[in-house]
1. For every other residue with a beta carbon closer than 14 angstrom to the beta carbon of Glu60, add +1 if it is Lys or Arg and -1 if Asp or Glu, then tell me the sum.
2. Does region 28-77 classify as rounded, prolate or oblate by the C-alpha gyration tensor (a ≥ b ≥ c root eigenvalues; a/c under 1.5 gives rounded; else a/b over b/c gives prolate, otherwise oblate)?
3. Label-point separation (nm) for Glu64 and Ala29, each offset 7 Å from Cα along Cα-to-Cβ?
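Values in this text are rule-based calculations from the coordinates and carry no lab data. Computed from a predicted structure; not experimentally measured. Cβ atoms come from the backbone with ideal geometry, glycine included; neighbour counts cover every protein chain shown.
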Amino acid sequence: MEKTNKATCFNNPQITGFFTDYDQNDCGALLWQLFKLSTVANRTEILSVEEWFNLLSFYESLDELLKTMYMNYTKQQS
């Protein structure tokens, strides 16, 4: 991958909003919860209702972040 100094993607509100809401440790912990959740039959075995909704919110935010970063990256490459 080619390195660039054009880091304008970080000026995007979806990107800055994600990193305002979730720090590196939060991301790792929530990704681990998603993985664990995918291996159990009943989500209530490992998550409370509040944790479940937090995990859904994280997933939606992560999905939006990745889409935004991809769009910014492809725009920057053209």
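1. Numbers: positive: Lys67; negative: Asp21, Asp63, Glu64.
Surrounding charge for Glu60 is -2.
2. Details: a/c = 4.06, a/b = 2.79, b/c = 1.46.
Taking the square roots of the gyration eigenvalues as a ≥ b ≥ c, region 28-77 is prolate.
3. Here the modelled spin labels are 2.2 nm apart.
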